[in-house]
2 protein chains.
Amino acid sequence: MNKVIYLRNRPAGMPSLSDFELKEEEKPKAEDGEILIKTEYLSVDPYLRGRMRNVESYIEPFKVNEPLESGIIGKVITSKNINFKEGDYVNGILKWKEYQVSSGAGLNKVDKNIAPLSSFLGVLGLTGITAYLGLDKIGKLKVGETLLVSGAAGAVGSIVGQIGKIKGCRVVGIAGSDEKIHKLKADFNFDAGINYKTSSDIEDDVKKACPNGVDVYFDNVGGEILDAALASINKFGRVINCGAISLYNATDVPTGPRHEGTLIKKSVLMQGFTVRDYVKDFGPAMKQLGAWLHEGKLQYEETVVAGFDNTPQAFLDLFKGKNKGKMIVKA
Amino acid sequence: MNKVIYLRNRPAGMPSLSDFELKEEEKPKAEDGEILIKTEYLSVDPYLRGRMRNVESYIEPFKVNEPLESGIIGKVITSKNINFKEGDYVNGILKWKEYQVSSGAGLNKVDKNIAPLSSFLGVLGLTGITAYLGLDKIGKLKVGETLLVSGAAGAVGSIVGQIGKIKGCRVVGIAGSDEKIHKLKADFNFDAGINYKTSSDIEDDVKKACPNGVDVYFDNVGGEILDAALASINKFGRVINCGAISLYNATDVPTGPRHEGTLIKKSVLMQGFTVRDYVKDFGPAMKQLGAWLHEGKLQYEETVVAGFDNTPQAFLDLFKGKNKGKMIVKA
């Protein structure tokens, strides 16, 4: 049999397990030109919450009563496609199914001798590429500048910070536990960290941790932490709006202080960043990330949850900050 | 005697005449290397409100009990500086004084045979340059795109819209009276206009006037009109945050809907624009504006208030929308 995870309802506010449904179905068979793929690793990511809403966005919404999908590393079990052979590993956006068939379109082969398979969902996958290209296309870091990162212990944030250090910047991270803050400094080379959960005045703590102000803010969370970053932003500052996890489960329109005055006074650039806009730059980005990885300049962390059935719970745990680094399910 | 206008108090909220003080002083004399200038035209601009606050900004705050200053066209009455002769007209940031002496530093000569003197404070001055460079550096208009402009009947907005038409765009303006809306279409070649004062749903009116969405929004006002523009913004939209007159007199921190979600979903760029950041580009901008003016492609409007003493009132009237086009005082 074949396990498949469906979206049962569009979540209202914070998603719960009852929004998902695990079904057992027939295992499919590869027809001519197709491959049968067994899911090995699944990526769960905050942006998937956006796809659960029925609103226009940069990517099509999920449909109710259809299987979900995300970045997946799979193993080719049967191949009736000359481009793939049995035992190959592939990477792509695939359904949340234990087994599925594919024409191979949109799939890339990955070599587990280059790096562990799961890293192709993280540091060498969209996560690492997001960090790299967000900084490259919008951040445009200069030596000696101050880079502030939120969600700093997360998959993207921890790589953003390390790239900042490679580029010669002062790097300050914001995360949600003292353990994470310790890790930022001990493992990821950050200069300073702020625990937003225990901070009594996040604006003031940002100011203190960034005595020369903030030149580039890589935002994974939005909301009040964005406000705090803008309160310390320097003239010609750049804000990479990469994520807004603090707002993803909001049911009303979130409000906050207006920022247009700050943008004008400080000639600040804020720009929404979606890695899919830069597909043509993926190759060079992966090459650079791979080189840094082999030179020992990039560390990465994964939280690996065992069991295909636990994929929805792993997704929910993202919003509780239970992951350290990239959240991955080992099927 | 010599009339001089001082800042008496920092205004709280909307400024009033009592925040200014007209004093009579000795008329100064030019010493060696100096010129004596008689003020001919004064520019009053919304951004001056920001200089009345005692806060860090892109330009030094005015000091209480000192004369104000702004863009001024003056006539050289006496010259003891070999670079100027009596009868020359000069343009620069000068004090609100009927007569003043200057070393000539920072002053440019203007030729009243090229264009009327007052136009060097408007379409050929910082106003026109702001419109031109805001669009050039951030807007990056493409043929066939939709350009939305707020403060559209104002000094900057009316030029922004006309440049949009020169660039082959659909241009929609937002202004505060039916007379202004009529003028946008009749005199400035706009495709459509929205009267925000009589609109019952500005978001819906923007949507209707921009059936293909908004590609570039040139924002002179901030606040709820910015929100409405972002509700219709297209993928890869650009917002030029040039002014926020709706917020300038606020005494509390203005709040509104958070925009980071929209920026991410639509890969939108928002950037604060201050013309002083681009001084090296002023020359080419003025040249292009002058060429369009002579080709009859640019119309401009001025509201000229007579009498040096009326400068504070002219400034206050900006916030009531009493100006059409550039607000200027003829001393």
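Before we move on, is residue B:196 buried (at least 24 other Cβ atoms within 10 Å of the Cβ) and closer than 23 Å to residue B:266 by Cβ? No: the conditions fail for residue B:196. Evaluated against (1) within 11 Å of chain A (Cβ to nearest Cβ); (2) assigned to a loop (DSSP other than H, G, I, E, B), residue B:230 falls short on exactly one condition, (2). Within the stretch A:62-85, residues that are under 20 Å from residue A:313 (Cβ atoms) sit with their Cβ atoms under 8 Å from residues that are surrounded by 14 or more Cβ atoms within 10 Å (Cβ to Cβ) and small (Gly, Ala, Ser), at 6+ positions apart or across chains, in these pairs: A:70/A:43; A:71/A:43; A:71/A:92; A:71/A:125; A:72/A:43; A:72/A:92; A:73/A:118.
Out of the residues in the stretch A:288-326 that are among the aromatic types (Phe, Trp, Tyr) and under 19 Å from residue A:43 (Cα atoms), which is surrounded by the fewest Cβ atoms within 10 Å (Cβ to Cβ)? Even if it seems obvious, please write down each step before you answer.
So the first thing to find is which residues in the stretch A:288-326 are among the aromatic types (Phe, Trp, Tyr), and the list is A:292, A:300, A:308, A:315, A:319.
Then keep just the ones that are under 19 Å from residue A:43 (Cα atoms); that gives A:300, A:308, A:315, A:319.
On the way: A:300: 23, A:308: 18, A:315: 28, A:319: 15.
By that ranking, first place goes to A:319.
Of all residues in the stretch B:93-111, those that are acidic (Asp, Glu) have Cβ atoms under 6 Å from Cβ atoms of residues that are buried (at least 21 other Cβ atoms within 10 Å of the Cβ), 6 or more apart or on another chain, in B:98/B:39.
Filter the stretch B:92-149 down to residues that are basic (Lys, Arg) and in a loop (DSSP other than H, G, I, E, B) and give me whichever is farthest from residue A:268 (Cα to Cα).
So the first thing to find is which residues in the stretch B:92-149 are basic (Lys, Arg), and the list is B:95, B:97, B:109, B:112, B:137, B:140, B:142.
The next check asks that each one be in a loop (DSSP other than H, G, I, E, B); those that pass are B:112, B:140, B:142.
Working: B:112: 37, B:140: 17, B:142: 23 Å.
Per the stated criteria, the residue is B:112.
Residue-level check: of (1) in the same structural domain as residue B:11 (by TED's automatic domain parsing); (2) in contact with a strand residue (DSSP E or B) (Cβ under 6 Å, 6 or more places away or on another chain); (3) of a type in the set (D, E, K, R), residue B:260 misses just (1).
If the condition is being more than 14 Å from chain B (Cβ to nearest Cβ) and polar (S, T, N, Q), then the stretch A:22-65 contributes A:39, A:43, A:65.
Considering the stretch A:270-287, the residues that are more than 7 Å from chain B (Cβ to nearest Cβ) and either among the aliphatic types (A, V, I, L, M) or under 16 Å from residue B:230 (Cβ atoms) (or both) include one that is surrounded by the fewest Cβ atoms within 10 Å (Cβ to Cβ), namely A:279.
Across the stretch A:158-170, which residue is surrounded by the most Cβ atoms within 10 Å (Cβ to Cβ) among those that are of a type in the set (A, V, I, L, M, F, W, C) and over 19 Å from the mean Cα position of the chain (by Cα)?
Just the residues of the stretch A:158-170 that are of a type in the set (A, V, I, L, M, F, W, C), to begin with: A:159-160, A:163, A:166, A:169.
Then drop every residue that is not over 19 Å from the mean Cα position of the chain (by Cα), which leaves A:166, A:169.
On the way: A:166: 16, A:169: 23.
Filtering the stretch A:158-170 for residues that are of a type in the set (A, V, I, L, M, F, W, C) and over 19 Å from the mean Cα position of the chain (by Cα), the one surrounded by the most Cβ atoms within 10 Å (Cβ to Cβ) comes out as A:169.
Restricting the search to the stretch B:250-273, which residues are over 18 Å from residue A:271 (Cβ atoms) and touching a Ser or Thr at 6+ places or on another chain (Cβ under 7 Å)?
B:255, B:256, B:257
Among the residues of the stretch A:283-320, the one identified as small (Gly, Ala, Ser) and in contact with a helix residue (DSSP H, G or I) (Cβ under 8 Å, 6 or more places away or on another chain) is A:285.
Given the structure, is residue B:183 more than 13 Å from chain A (Cβ to nearest Cβ), among the basic types (Lys, Arg), under 24 Å from residue B:302 (Cβ atoms) and crowded, with 16+ Cβ neighbours inside 10 Å?
Answer is yes for this residue.
Condition first: in contact (Cβ under 8 Å) with a residue 12 or more places away in the chain, in a helix (DSSP H, G or I), within 29 Å of residue A:290 (Cβ to Cβ) and aliphatic (A, V, I, L, M). Can you find one or more residues in the stretch A:167-185 that meet it? Yes, the stretch A:167-185 contains at least one residue that is in contact (Cβ under 8 Å) with a residue 12 or more places away in the chain, in a helix (DSSP H, G or I), within 29 Å of residue A:290 (Cβ to Cβ) and aliphatic (A, V, I, L, M). Every condition in (1) without any contact (Cβ under 8 Å) to a residue 12 or more places away in the chain; (2) under 21 Å from residue A:274 (Cα atoms); (3) surrounded by fewer than 19 Cβ atoms within 10 Å (Cβ to Cβ) holds for residue B:264 except the one numbered (3).
Quick check: anything in the stretch A:308-318 under 15 Å from the mean Cα position of the chain (by Cα) and either of a type in the set (S, T, N, Q) or in a loop (DSSP other than H, G, I, E, B) (or both)? No.
Taking the conditions (1) assigned to a loop (DSSP other than H, G, I, E, B); (2) out of contact with any Asp or Glu (no Cβ under 8 Å at 6 or more places or on another chain) in turn, residue B:299 satisfies each one other than (2). Of the candidates B:248, B:278, the single residue that is in contact (Cβ under 8 Å) with a residue 24 or more places away in the chain and closer than 30 Å to residue B:207 by Cβ is B:248. Considering only residues of the stretch B:204-223 that are in a helix (DSSP H, G or I), in contact with a helix residue (DSSP H, G or I) (Cβ under 9 Å, 6 or more places away or on another chain) and buried (at least 16 other Cβ atoms within 10 Å of the Cβ), which is farthest from the other protein chains (Cβ to nearest Cβ)? Across the stretch B:204-223, the extreme among qualifying residues is B:205. Set side by side, the residues B:85, B:97 differ, and just one is surrounded by fewer than 18 Cβ atoms within 10 Å (Cβ to Cβ) and more than 14 Å from chain A (Cβ to nearest Cβ), which is B:85. Taken over the stretch B:244-269, the residue count meeting the criterion of being in a loop (DSSP other than H, G, I, E, B) and either facing chain A (nearest Cβ under 7 Å) or more than 24 Å from the chain's Cα centre (by Cα) (or both) is 9. What number goes with the only condition from (1) at pLDDT 95 or above; (2) surrounded by 18 or more Cβ atoms within 10 Å (Cβ to Cβ); (3) within 8 Å of chain B (Cβ to nearest Cβ) that residue A:239 does not pass? Going through (1) at pLDDT 95 or above; (2) surrounded by 18 or more Cβ atoms within 10 Å (Cβ to Cβ); (3) within 8 Å of chain B (Cβ to nearest Cβ) one by one, residue A:239 breaks only (3).
The values are calculated or read from the model by the stated rules, or taken from the named source; none is laboratory data. Computed from a prediction, not measured in an experiment: that's the story for all the values here. For neighbour counting, all protein chains shown are included, and Cβ atoms are generated from backbone atoms with ideal geometry for every residue, glycine included.
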